[in-house]
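What follows draws every value from the coordinates through simple rules; no lab data is involved. Being a predicted model, the structure only gives us computed values, none of them experimental. We place every Cβ from the backbone using ideal geometry, glycine too, and count neighbours over all the protein chains shown.
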Amino acid sequence: MNKIVNIAIIGLGQIGIYLYNELNIKKKDIEIKTGKKIKIVAISAKNRNKKRRFPISKKIFYRNPLQIFSKEKIDILFECIGLPDGISKKVVETALKNKIHVITPNKALLAKHGDVLASLAEKNKVNLEFEASVAGGIPILKTIKEGLATNKINKVYGILNGTTNYILSEMENSNENFDKVLQKAQKLGYAEPGNPKLDLNGFDAFAKIRILSALSFNTKISKNKCIMEGIENIKLTDIKIASQLGLRVKLLGISEVINGQLFETVHPCLVSKKTYIGNVNGVMNAVITEGKPVGQSVLQGEGAGPGPTSSSLLSDLLSILRGNIKYPFGISNSKRKFIKPFNNNNYTNSLYLRFDVRDKQGVLSLITNRLAKYKISVKRIIQTPDKKNKKATIVIITHKTTEINARNCLTLFKKNRNILKFPTLIRLYN
Ligand code: HSE
């Protein structure tokens, strides 16, 4: 690589514009650390005149990012658009084919097309780096690829979405409802651009889990059908009841190899307030790896927002500038295999079940009888009456049961004039 390194930034949303400014103010520092002078020669976004957090140089602005490849000599390209396909994929593919190193925080793209793109990078002997795609500022991918390189990792899990962790914590602290707290998260730049649904429904954390699995277990990115649930159905009531029980709701991503089979999931979990994970609050993410011989390692940090994301993007940049050319997923693509999926039906947990019912004789026994029919044993029960409306909330914590058993049992509760809604289920994390 020449002493002067030409950079392009595609996408000038919350992340792209922050990165643009960081690169400009850290030029000298980067030169001291790597011996290379960086020069931003092209930037691209839909709208040249949009009001942005930092001013841009219009001389290097392109509306169509694909024009850049014929007009400029680029060494390293940042893809910050964030789409799972379309122009994001086209830009990354074109860059790799032109032997341009690519850095991206785009987990949706990686989780969907990571194998093909990694193979393209390998063929063209350039880097495809995506540290910022998982857990914001936490250097978890480098830790797995380098720090833990010779360990046999069998489990990686944690809190992987800053927006939802912020919302759950803030609801508990402020007693404010979901919508109000979501607005705050968007203002802080945590939620996915334009579409917070991807944070709320678990998709964002799930894409991260797919990437983590591939890196941790040296496998291809799985396409398995998995349990993926977000926090849309968690109500302030659940957070308050959980709190009384010494529990907190956390959206956990879990990936584990169980008897040689891959299990991946994202869903809300109830965890004890006394545990480590129960105290990772706000926008914080935490990733826990379990491997041999290293044992358990924990990394915690801010998981969303332009600052932490830029920190990871710049770390990838320095890695490339220092000449650290490596396989995107740690090993050659040809050595990465698929492993058999674990049967989700056998996933086993204690359950929190919340029933909104009419406060009438026989309703509680109706519920417990139905649970008993499926051999689901009750561990704890809390009933809160709403006298004025002749209603009650019944929360039951069960002993452990399998996913299939729980699902079959809950279908019994779909229609009943005394059970007012389909029950809310939150799994307890063991
Ligand atoms: N929207 C993501 C989150 C940040 O809230 O964690 C980028 O991954």
Calculated from DSSP H runs of 4 or more alone, at -39500 (n - 2.57) each and per residue, what is the 222 nm mean residue ellipticity of the chain, nearest 500?
-10000 deg cm²/dmol
Enumerate the residues in the stretch 51-84 having an amide nitrogen under 20 Å from the point lying 7 Å beyond the Cα of Ile25 toward its Cβ.
51-58
With Cα atoms, 0 to 90° folded angle of helix 162-174 axis to the chain main axis:
50 degrees
Residues Asn369 and Arg53, FRET efficiency given R0 of 45 Å [Cβ-Cβ distance, rounded to 0.05]:
0.15
Cut-off 15 Å (backbone N to label point 7 Å along Cα→Cβ of Asn233), residues of the stretch 356-382
356
Asp386-Asn345 pseudo-label distance in nm [points 7 Å out on the Cα-to-Cβ vector]
3.7 nm
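Filter Lys37/Lys125; Lys155/Lys340; Lys50/Lys73 down to the pairs with a C-alpha to C-alpha distance above 24 Å, please. Please report the intermediate quantities before stating the final value.
Details: Lys37/Lys125 22 Å; Lys155/Lys340 16 Å; Lys50/Lys73 26 Å.
Over 24 Å apart, Cα to Cα: Lys50/Lys73.
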Determine the relative contact order of the chain: mean sequence separation of Cα pairs under 8 Å and six or more apart, normalised by residue count, in whole percent.
16 percent
Would you mind ranking Cys80, Cys269 by Cβ crowding within 10 Å, fewest neighbours first?
Cys269, Cys80
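Among DSSP beta bridges lying fully in the chain, give the percent that are antiparallel, nearest 5.
On the way: 54 of 78 bridges.
In the chain, approximately 70 percent of DSSP beta bridges are antiparallel ones.
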What is the stretch 277-322 by shape, rounded, prolate or oblate, if you read a ≥ b ≥ c off the alpha carbon gyration tensor as root eigenvalues and call it rounded for a/c under 1.5, prolate for a/b larger than b/c, and oblate otherwise?
oblate
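With +1 on each Lys and Arg Cβ and -1 on each Asp and Glu Cβ, how big is the dipole of the stretch 345-428 about its Cα centre, in debye rounded to the nearest 20?
Computed charge dipole of the stretch 345-428: roughly 240 debye.
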In order through the stretch 51-68: 3J(HN,Hα) via Karplus (6.51 cos²θ - 1.76 cosθ + 1.60), integer Hz, x for Gly, Pro:
6, 10, 4, 10, x, 10, 8, 6, 5, 9, 8, 10, 6, 9, x, 6, 5, 4
Set of lysines with alpha-carbon distance to Lys46 below 19 Å, sequence-local pairs under 8 removed
Lys58, Lys59, Lys71, Lys89, Lys90
Debye equation applied to the C-alpha atoms of the chain, log10 I(q)/I(0) at 0.10 Å⁻¹:
-0.73
State the three equivalent ellipsoid semi-axes of the stretch 4-133, derived from the C-alpha gyration tensor as the square roots of 5 times its eigenvalues, in descending order and whole Å.
21, 18, 14
Return one number: the angle in degrees, 0 to 90 and rounded to the nearest 10, between the long axis of the Cα atoms of helix 363-373 and the longest principal axis of the Cα atoms of the chain.
70 degrees
Pick out, from Gln244, Asn233, Met1, the residue whose Cα sits farthest towards the positive end of the charge dipole of the chain, with +1 on the Cβ of Lys and Arg and -1 on the Cβ of Asp and Glu.
Asn233
What percent does the relative contact order of the stretch 345-428 come to when contacts are Cα pairs within less than 8 Å and at least six residues apart?
49 percent
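Please tell me the relative contact order of the stretch 4-133 in percent, rounded to the nearest whole number, where contacts are Cα pairs under 8 Å and at least six residues apart. If you can, show how the numbers build up before the last one.
Values: 220 pairs, mean separation 30.8, N = 130.
Computed over the stretch 4-133, the figure is 24 percent.
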Roughly how many Å is it from the Cα centre of the stretch 10-44 to that of the stretch 366-430, as a whole number?
54 Å
Which aspartates and glutamates have a Cα lying under 12 Å from the Cα of Lys326, excluding residues fewer than 8 positions away in the same chain?
Glu122, Glu129, Glu146, Asp316
Spatial separation of Cα centroids for the stretch 264-329 and the stretch 104-158, in angstrom
12 Å
